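The values are calculated or read from the model by the stated rules, or taken from the named source; none is laboratory data. No experiment lies behind these values; they were computed from the predicted model shown. Positions of Cβ are generated from backbone atoms using ideal geometry, with glycine treated the same way; all protein chains shown enter the neighbour counts.
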Amino acid sequence: MAQSSATRPTWAEIRLDNLKFNFKSSKSFIGDELRYMAVVKADAYGHGAVSCARTLSECGTDWFGVALPEEGLELRSAGIAEPILCLGGFWPGQEEFLLSNRLVPVVFRMEQARALDRAARDHGTKSDIHVKLDTGMGRIGIRPEAAADFAENLKQFRNLKVQGLMTHFASADKIEESNFTRSQIARFNECVEIFRQKGFKPEFLDLANSPASVAFPESRGNMVRLGGILYGLGDDVLPMDIDKPELKPVLSLHSRIASIKNVPKGETIGYSRTFRTDRDSMIATIPIGYHDGYRRALSNKASVIINGRLAPVAGRISMDWTILDVTDIPDTNVDDEVMLIGTDGTNTITAGNLAGITDTISYEITCGLGSRIPRKYT
């Protein structure tokens, strides 16, 4: 029996024209003389890696950044030809995988370099690598005091080429942390000089993520990594009160009303009875819940937009359902569209707004939208 083409009326709309606009706006703001890496890891921050990468390829991005080699393979299988950097490095046994798919890994352990050199030698080729330097993030990377020994040891590997040096900023989104960011820049420049003294000639010096690219011109090196701002997620990622590129949101989140009922004053709504009607109320339910990424922490705090007007979330968000108080929108009907992220009329709800309610960042909101929510590209 053929499966019905009808689906649950909950979806995310991805505006690829806004993605193009953000890339061009950011490039105009930052400058044309640099190379640009578009970061499409985590399924392009929840926006859909393949479709976004194809659009950004049309815009002329120079590189793509992914977290995992598996994400790089997805792009290669979709016909993406630009260089792809695996920002999270690779795991033992993935060396041949990298070479056969022309994926460039970040390296931060000597064991990685040794294994990749051996595989490249057996493959009859030479592998580009980018060395990750830990200048203050404290996550992965070579610490500055270990840079000289690491560079010296790398000289033994004839089948590796240090194509780039990179680092990652801990707090470039906070102007009050400018001194620390500048100290990271200084440490990186010292490490670059160490590698050059050891005979390496890195083609790419890659420091700046989205906030650093905008707020710290001295951090741009000769290639910048743009992630969140490509998707219009700048309101809680870029520092406040600085000049910045104009950005447009790429993702909006939609559903439709599945049920409406009249509920008398004094009744409770939802799990744990956390919402009580303080008047005779009209209650609507929409088919989206925390399994879809509409987080339970938004319960009794967030609002949605219906017919251009705001309606509050009423009670606990369930796994598959969210309840709304639509009493103040009396012309609401079953099947009316509900906007959970986006703009309708004079009201706007951003991923950053939802992040503020849940004490997180907009990246986590969009990355958290689950696979049950189809992405519709326009």
Worksheet item: Scanning segment 331-359 for residues that are more than 21 Å from G293 (Cα to Cα) and outside any loop (DSSP other than H, G, I, E, B), which turns out modelled with the lowest pLDDT?
Response: D344
Worksheet item: Which ones in segment 244-296 are of a type in the set (D, E) and surrounded by 15 or more Cβ atoms within 10 Å (Cβ to Cβ)?
Response: D292
Response to the item:
Subset of segment 117-142, residues in contact with a helix residue (DSSP H, G or I) (Cβ under 9 Å, 6 or more places away or on another chain), of a type outside the set (D, E) and farther than 17 Å from K201 by Cβ, comes to R118, A119, A120, H123, T125, T135, G136, M137, I142
Worksheet item: Taking segment 37-59, which residues are among the small types (G, A, S) and in a helix (DSSP H, G or I)?
Response: A42, A44, G46, A49, S51, A53, S57
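Of the residues F21, F29, only one is part of a helix (DSSP H, G or I), over 14 Å from the mean Cα position of the chain (by Cα) and surrounded by fewer than 16 Cβ atoms within 10 Å (Cβ to Cβ); which? Steps first, please.
On the way: F21 fails: surrounded by fewer than 16 Cβ atoms within 10 Å (Cβ to Cβ).
Going through F21, F29 in turn, the sole match is F29.
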Response to the item:
Restricting attention to segment 201-244, the residues that are closer than 21 Å to T55 by Cα, of a type outside the set (G, A, S) and part of a helix (DSSP H, G or I) number exactly 3
Item to complete: Select from segment 355-371 the residues that are of a type in the set (S, T, Y), over 16 Å from G232 (Cα atoms) and touching a residue at least 40 places away in the same chain (Cβ under 8 Å) and list them in ascending order.
Response: T358
Fill in: Among the residues listed as E176, E218, E203, the single one being in contact with a strand residue (DSSP E or B) (Cβ under 9 Å, 6 or more places away or on another chain) and surrounded by fewer than 16 Cβ atoms within 10 Å (Cβ to Cβ)
E203
Worksheet item: Among all residue pairs at least 6 apart or on different chains, which show Cβ distances below 6 Å where the first residue, located in segment 87-115, is closer than 16 Å to W63 by Cα and the second is of a type in the set (G, A, S)?
Response: L87/G65; L87/A67; G88/A67; L103/G72; P105/G89; V106/G89
Worksheet item: Within segment 66-83, is there a residue that is polar (S, T, N, Q) and either surrounded by 17 or more Cβ atoms within 10 Å (Cβ to Cβ) or in a loop (DSSP other than H, G, I, E, B) (or both)?
Response: no
Discussion item. For segment 325-363, which positions are surrounded by fewer than 18 Cβ atoms within 10 Å (Cβ to Cβ) and within 18 Å of the chain's Cα centre (by Cα)?
Written reply: N353, G356, T358, D359, T360
Worksheet item: Can you name every residue in segment 260-280 that is within 40 Å of the chain's Cα centre (by Cα) and under 16 Å from R316 (Cβ atoms)?
Response: T268, I269, G270, Y271, S272, R273, T274, F275, R276, T277
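For the condition touching a residue at least 12 places away in the same chain (Cβ under 8 Å), in contact with a Ser or Thr (Cβ under 9 Å, 6 or more places away or on another chain) and in the same structural domain as A208 (by TED's automatic domain parsing), what is the one hit in G289, G270, G227? I'd like the intermediate steps shown before the answer.
Numbers: G289 fails: in the same structural domain as A208 (by TED's automatic domain parsing); G270 fails: in the same structural domain as A208 (by TED's automatic domain parsing).
Every option except G227 fails the conditions.
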Practice prompt. Identify all residues within segment 224-243 that are at pLDDT 95 or above and surrounded by fewer than 21 Cβ atoms within 10 Å (Cβ to Cβ); write none if there are none.
Written response: none
Discussion item. Given the condition on the phi < 0 side of the Ramachandran plot and in contact with a helix residue (DSSP H, G or I) (Cβ under 6 Å, 6 or more places away or on another chain), answer yes or no: does some residue in segment 270-290 qualify?
Written reply: yes
Discussion item. Just to be sure before I move on: is T322 modelled with pLDDT under 95, among the β-branched types (V, I, T) and either farther than 21 Å from N18 by Cα or surrounded by fewer than 20 Cβ atoms within 10 Å (Cβ to Cβ) (or both) in the structure I sent?
Written reply: no
Worksheet, complete the sentence: Selection from segment 18-62 of residues more than 13 Å from L230 (Cβ to Cβ) and of a type in the set (D, E, K, R) yields D32, E33, R35, D43, R54, E58, D62
